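What follows is calculated from the coordinates using simple rules that are stated; it is not laboratory data. All values reported here derive from a predicted model rather than from experimental measurement.
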Amino acid sequence: MNNIRSLQLKTVEMMREVDALFRANNIHYTLLGGSVLGAIRHTGFIPWDDDMDIGILRQDYHTAERLLATLKSYTYEYAEKHIIPDAPVGHLRFSKDLSNLASSATIDVFALDYVPVKQSQRKRFRLIANIYHACILRRAPENRGALSRSVLKLLFACFPHTFLDYLQTLSKQKLLNSSLKKQGHIGNVFGAWGEKEYFYQDIYMDLIFVAFEGLELPIPRRYDNYLSQLYGDYRQLPPIEQRVPKHIK
């Protein structure tokens, strides 16, 4: 666990600078997922966690990415340039040695989107999100369902890259659809928990600051609702065999 703890402390060092940068530039952000769980259950990292997750409204996401890229001590990988197969997510890395990313301290930066309330509209919204993701990746993601994968494979087989560039821009505009704000729900569309990460907007907008490894960082005020929806009985530790890092070996 010594290697993990060293990684965690480097991540906290990065987070200190990120928090100061965002506060100075009025960027609204919140911790997400396991980082919220760690803050509440451990006042810091889950002992076996090896990264941090934060979320920023998509309307502020471009500005936030541009700011993160100014942190000269670290490497920021833009969501639309560095694509992991799972999702278009930005990464702030401690290491400038990009050949050794698996052991680099990392903050994952997710865009939060206003999402429809009705299930029928959510299906269409998910398809738009999948098209956006696939147009960046330039292949059909493996983790977005058989129907979406089949449609996207057909799309790539039939249309040139210039059309895909246009489709990427158009689908991103649809994700930014201001009319969805009126429905009052926000989701981490590309998060690991799917629609479990869709909430009434106050979860992501009404925040409190709590202790995290000596810092004071933002989490949802109604963190009990948030964590219960994601994890169930979140104060119960998982079985020992599941207490392993996600990324480093």
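Per-structure values
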| read-out | value |
| --- | --- |
| Restraint check, LYS153/LYS246; LYS72/LYS118; LYS81/LYS246; LYS72/LYS196; LYS10/LYS181; LYS10/LYS123, Cα-Cα greater than 32 Å | LYS72/LYS118; LYS72/LYS196; LYS10/LYS181; LYS10/LYS123 |
| Dimensions in Å of the chain - Rg and Dmax from alpha carbons | 18.1, 53 |
| 5 angstrom amide H check on VAL89, placed H, neighbours 5+ away | ILE84 |
| Amide H partners (placed H, <5 Å) of LEU57, local residues excluded | LEU112 |
| Hz values of 3J(HN,Hα) by residue in the range 21-31 - Karplus curve (6.51, -1.76, 1.60), Gly and Pro given as x | 5, 5, 5, 5, 10, 6, 8, 7, 9, 9, 5 |
| Among SER104, SER228, SER120: highest mean-square fluctuation, GNM of the chain, C-alpha pairs under 10 Å | SER120 |
| Amide H contacts under 5 Å for LEU207, placed H, 5+ residues apart | ARG221 |
| For the range 119-179, alpha-carbon Rg relative to the globular expectation (2.2 N^0.38 Å, N residues) | 1.08 |
